[in-house]
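First the structure, in the form of structure tokens, and then the observations on it.
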Amino acid sequence: MHQSHQQDCLELLVEKARRGQIDRRSFLKAAGMLAALPLAARSGIGWAQDRPIVIVNWGGDAIDAYRRAWTEQFSRETGIAVQIDGSGPTEGAIRAQIASGRPSWDVVDAEPFTSLTLGREGMMRPLDYSLIERAKVNEEFATDYGVASYLYSYVIAWDKERFEETPRTWADFWDVERFPGKRTMYKWMNGVLEAALLADGVAVADLYPLDIARAMDKLDELRPHILAYWGSGAESQQLFLDGEVSMGQIWNTRAIVLDRDTEGRVGWHYDNACVTPSSWAVLNDNPAGADSTMRFIDHALEPEGQVELLKLLGNGPSNPAAAAMIPEELVELNCGSEENLAKQFKLDIEWYADHYGSVLDDFLTRTGA
Amino acid sequence: MTRMSERWQHRLLLWPLPAVLLLCYVLPFAGIAVWSVTLPEPGMANYARLATDGAIHAVLWRTLYLCATVGVLALLLAFLMAYCWLYSSPGWQRWVELCVFLPFWISVLVRTFGWLIALRSNGLVNGWLEALGVIDSPLALTRNSLGVVIAMVHFMVPFAFFPLVSSMRQIDDRVLLAARGLGASRLRVFVSIFLPQTLPGLLGAFIMVFVFCLGFFVIPAILGGGQTVMAAEYVFLQMFQTYNWGIGAAICMLMLVLVSGLVWILLRFSRVERLVG
Amino acid sequence: MNIYRAGWLAKLLALVTMGFLMLPLIAVIPVSFTGKRYLSMPEGDWSLRHYATLLSSPEWLGSLLHSSVVAVCAALLATLLATAFVIAIWYRSSAWTRWLIGLCMLPLIVPPVVSAMVLYFMTTRISRIAPGLGYDSLPGVILAHTLLIVPFGVINMLVAISRIDRRIELASRNLGASMWQTTWMVILPNLRLAMVTTFLLCFVLSWEEIAVTLFITSWEVVTLPRQIWGGLRDNVDPVVAAISTLLIGIVLLLLLTRMAVNSWRDARRPG
């Protein structure tokens with residue numbers, strides 16, 4: 001490695017460590033790779049005593065956004081390093097973590113029904129509301145095992161170069177005559193069955209309990225036109241960036257980023273979107289323990305960080321106090337605003353808590369077959 | 001030194017590897033077998049579902065069908081390469097070797113990634129085809145079974161190449177020359193003399209490729225777009241997404257039975273030592 | 001050397017196949033130089049930013065370190081185990097020998113996904129007793145890789161040892177050397193080169209292993225393939241193109257060097 005470049009890398013590393021972006025172990029690993037441990041030893045960085053917290057989110061742009069909105073400041077204030085794993089805390093993935101006998105995850109940014117289901121089965125820590133200020137979110141959002149981290153939404157996004165008209169409804173999504181091109185939908189099923197039923201003419205009020213057979217049949221209809229089911233946010237972004245699909249059911253957060261990255265080529269709106277909170281939850285027997293993780297969750301419920309995340313990625317704040325702090329130009333991006341909530345329908349968390357595991361199995365087998 | 005200690009010396013050399021394998025591989029194997037009849041509850045429910053669930057059948061049939069397709073195609077290409085390697089000048093041989101060895105030593109992830117880039121709608125292949133005027137709009141080459149087959153064939157060609165070369169090497173090329181000298185056309189020599197002699201090698205290479213393909217899940221997972229799920233990826237999903245370890249374990253047991261059968265055929269009908277030699 | 005020559009049709013088809021084999025490797029290279037933050041062909045905006053990310057990111061550098069440690073340890077273990085085993089069956093074969101060789105071939109024959117599940121079971125069981133040695137730990141991954149690559153080591157060593165003249169053992173024993181002395185002073189020196197090639201083969205196999213690693217690691221141990229997998233699945237990241245290009249470059253360089261050495265040797269050989 002070239003000497004000056006090595007120096008650059010080291011400075012970057014030291015800078016990252018000072019800002020608490022990486023923990024001691026990764027730092028030493030990387031510094032060791034650069035064969036410059038002596039310099040690392042002289043750099044005078046104070047390492048925190050606590051074990052670093054591993055936060056698991058959905059990857060891609062969310063990793064950097066979480067750092068800037070939440071974890072950097074938290075590390076600065078508490079000295080606790082935070083690492084972000086973007087591999088996606090699906091229900092099955094968390095179960096496999098617990099079953100491994102050696103979970104390496106601490107805090108997960110999971111679906112509320114996942115926290116609920118797994119909490120009931122004793123896999124999640126009960127949240128400690130003496131450390132987390134319960135009043136920071138609406139009452140319905142603070143439950144035993146999960147507290148709402150932000151709101152997000154499964155929206156219709158489309159490529160404006162492929163057709164003139166604006167698709168508004170899920171029936172439009174299914175209409176490949178008027179809106180030609182390939183589609184993409186969420187691999188782990190949330191909002192997909194609802195979309196199918198709405199396209200088939202079911203009224204929003206009659207959605208739940210979901211008519212699974214009817215939804216699957218409607219999905220089969222669209223099957224030849226579905227290019228891929230995306231499993232991670234970044235994958236959905238790439239599909240639009242490459243022009244592989246003309247329309248997709250994707251997260252509002254990624255739609256906002258896409259709109260920016262493509263300079264307006266990708267359009268989206270909140271009409272008929274499926275809105276739901278995400279939740280913070282902590283794994284049982286997690287390596288970092290209860291104390292620091294609860295403190296982190298409390299920190300992440302502060303309105304400032306939530307507004308910052310709205311700016312960066314478009315996640316709607318779960319703390320009502322944030323509403324007053326949202327800059328005017330961002331109000332229309334917030335999926336949790338009064339006006340936008342009226343355009344969307346809510347995902348039924350209870351239904352998912354009761355049915356997700358078994359229906360997902362059928363869904364994956366059916367879509368993969 | 002006494003006889004006894006000689007025997008112990010021998011045991012000390014012989015047993016470490018089998019012992020480690022028995023303890024850390026065969027024993028856990030029994031654990032998987034137990035999972036398949038105890039998760040989520042004791043009984044044969046997983047095998048019953050394996051026997052009746054149409055959707056699982058679809059996954060399994062697709063796996064067999066794709067593996068067979070990949071086997072045939074990879075064999076064709078490897079045969080061609082082996083033939084041209086064996087019967088050409090050293091200069092040619094070097095190029096053939098480079099084109100076989102380079103992909104062989106490169107990680108499957110890198111190759112899969114390469115195909116992802118090459119086969120995208122606005123990727124290299126579609127770009128070339130459009131530039132040549134062959135197509136007007138991009139073909140769907142990836143995120144479907146076509147992409148999976150292309151990448152798997154690419155992965156398997158070197159694996160089929162080596163056993164084919166070693167079986168072709170045993171053919172006496174003076175016979176081929178003699179046939180040509182007696183007036184047989186190249187095609188005739190190839191079909192009547194060359195091909196029959198390579199059949200055992202072909203069978204062996206086919207089974208090898210087929211068995212390798214069965215357990216593959218990196219390529220389908222990345223290039224399949226979630227709609228070309230093969231058995232191995234299905235097991236992965238059952239383990240880490242839907243948490244049906246029982247059914248995953250049952251599919252593993254089924255795969256094992258199938259592979260054992262194929263390996264038995266391999267040992268029975270083609271001389272395996274010629275393949276590895 | 002054969003005198004019979006392939007016809008023009010076969011050669012033409014072989015050329016097309018060679019193009020097919022090289023295509024995905026060539027496709028990766030330009031993408032690694034894109035100036036955009038997402039995966040795309042550079043359109044005049046060539047940049048080295050993704051290489052800079054690669055060399056300054058603790059995640060990527062850490063994964064290189066993990067992969068190196070795992071591959072060196074696993075290859076070393078596999079080579080030693082395979083060598084001892086092969087020498088033992090070379091000295092004395094019995095009715096057991098065939099079965100033992102079959103046992104050693106198991107991880108090669110069993111489909112990778114089945115191996116992955118088996119080794120997941122194994123490492124998680126170890127974790128219950130000793131958390132630092134099983135699932136998602138360096139020793140656990142090293143052990144799993146060793147089991148996976150050892151069949152290749154056994155095959156390689158078997159081929160090598162079958163070329164040793166049996167009479168040297170007899171001579172050594174007749175001169176009064178014990179089995180231990182014979183092994184150290186006579187057999188092992190003859191196997192030195194084979195052990196080196198076995199080590200290299202095992203190193204590469206462990207370095208590239210992904211299927212099993214995905215099952216038995218989560219966050220603590222991230223090998224290079226696992227890091228690439230993350231970059232591919234969760235985030236189609238141009239850094240993956242950069243590391244791919246580097247890996248292709250290294251392999252190409254090694255192969256070309258070997259080819260050059262071979263042709264130089266051929267040229268020197270008389271006749």
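Here are a few things to note about the model shown:
- Test for C:V150: is it within 11 Å of chain B (Cβ to nearest Cβ) and more than 21 Å from C:S68 (Cα to Cα): no
- Listed conditions (1) outside any loop (DSSP other than H, G, I, E, B); (2) modelled with pLDDT under 90 are all met by B:T228, apart from (1).
- Test: residue in segment B:66-79 that is in a helix (DSSP H, G or I), crowded, with 20+ Cβ neighbours inside 10 Å, among the β-branched types (V, I, T) and without any contact (Cβ under 8 Å) to a residue 24 or more places away in the chain: no
- Of all residues in segment A:169-186, those that are of a type in the set (D, E, K, R), within 17 Å of A:L197 (Cβ to Cβ) and touching a residue at least 12 places away in the same chain (Cβ under 8 Å) total 2.
- Per-region count, segment B:176-223, residues on the phi < 0 side of the Ramachandran plot, away from every other protein chain (no Cβ under 11 Å) and outside any helix (DSSP H, G or I): 2
- The single residue among B:F104, B:F113 that is within 12 Å of chain C (Cβ to nearest Cβ), among the hydrophobic types (A, V, I, L, M, F, W, C) and surrounded by 21 or more Cβ atoms within 10 Å (Cβ to Cβ) turns out to be B:F113.
- Some residue of segment A:271-293 being touching a residue at least 12 places away in the same chain (Cβ under 8 Å), on the phi < 0 side of the Ramachandran plot, surrounded by fewer than 20 Cβ atoms within 10 Å (Cβ to Cβ) and assigned to a strand (DSSP E or B): yes
- One residue stands out among those in segment C:162-184 that are away from every other protein chain (no Cβ under 12 Å) and touching a residue at least 60 places away in the same chain (Cβ under 8 Å): the one that is nearest to C:G102 (Cα to Cα), which is C:I164.
- Residues of segment B:80-131 that are touching a residue at least 40 places away in the same chain (Cβ under 8 Å) and over 22 Å from the mean Cα position of the chain (by Cα): B:L86, B:Y87.
One line per residue, one yes/no per condition, for (1) in a helix (DSSP H, G or I); (2) among the hydrophobic types (A, V, I, L, M, F, W, C); (3) within 30 Å of B:F79 (Cβ to Cβ):
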position: C:L12; (1), (2), (3): yes, yes, yes
position: C:P42; (1), (2), (3): no, no, no
position: C:Y51; (1), (2), (3): yes, no, no
position: C:L65; (1), (2), (3): yes, yes, no
position: C:C73; (1), (2), (3): yes, yes, no
position: C:F85; (1), (2), (3): yes, yes, no
position: C:A88; (1), (2), (3): yes, yes, no
position: C:W99; (1), (2), (3): yes, yes, no
position: C:L106; (1), (2), (3): yes, yes, yes
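- Residues (free of Cβ contacts under 8 Å to residues at least 40 places away in the same chain and small (G, A, S)) located in segment C:69-95: C:A84, C:A88, C:S93, C:S94, C:A95
- The set of residues in segment B:114-154 being aromatic (F, W, Y) and more than 18 Å from C:P238 (Cβ to Cβ) consists of B:W128 alone.
- Yes/no for A:R260 being under 20 Å from A:V359 (Cα atoms), without any contact (Cβ under 8 Å) to a residue 60 or more places away in the chain and either crowded, with 18+ Cβ neighbours inside 10 Å or out of contact with any Gly (no Cβ under 7 Å at 6 or more places or on another chain) (or both): no
- Filtered residues of segment B:128-140 (kept if assigned to a loop (DSSP other than H, G, I, E, B) and closer than 19 Å to A:P180 by Cβ): B:I135, B:D136, B:S137, B:P138, B:L139, B:A140
A quick yes/no check of all residues on (1) in contact with a helix residue (DSSP H, G or I) (Cβ under 7 Å, 6 or more places away or on another chain); (2) free of Cβ contacts under 8 Å to residues at least 12 places away in the same chain; (3) facing another protein chain (nearest Cβ under 8 Å); (4) more than 30 Å from C:R125 (Cα to Cα):
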| site | (1), (2), (3), (4) |
| --- | --- |
| C:F203 | yes, no, no, no |
| C:F215 | yes, no, yes, no |
| C:S218 | yes, no, yes, no |
| C:V236 | yes, no, yes, yes |
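- Test: residue in segment B:252-271 that is within 30 Å of A:Y352 (Cβ to Cβ), surrounded by 21 or more Cβ atoms within 10 Å (Cβ to Cβ), in contact with a helix residue (DSSP H, G or I) (Cβ under 7 Å, 6 or more places away or on another chain) and at pLDDT 85 or above: yes
Yes or no, residue by residue, for (1) more than 9 Å from chain B (Cβ to nearest Cβ); (2) within 30 Å of B:F240 (Cβ to Cβ); (3) surrounded by fewer than 24 Cβ atoms within 10 Å (Cβ to Cβ):
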position	(1), (2), (3)
C:F33	yes, no, yes
C:Y38	yes, yes, yes
C:E43	yes, no, yes
C:R49	yes, no, yes
C:M117	no, yes, no
C:T146	no, yes, no
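The values are calculated or read from the model by the stated rules, or taken from the named source; none is laboratory data. All values reported here derive from a predicted model rather than from experimental measurement. Glycine gets a Cβ as well: all are built from the backbone with ideal geometry, and neighbour counts include every protein chain shown.
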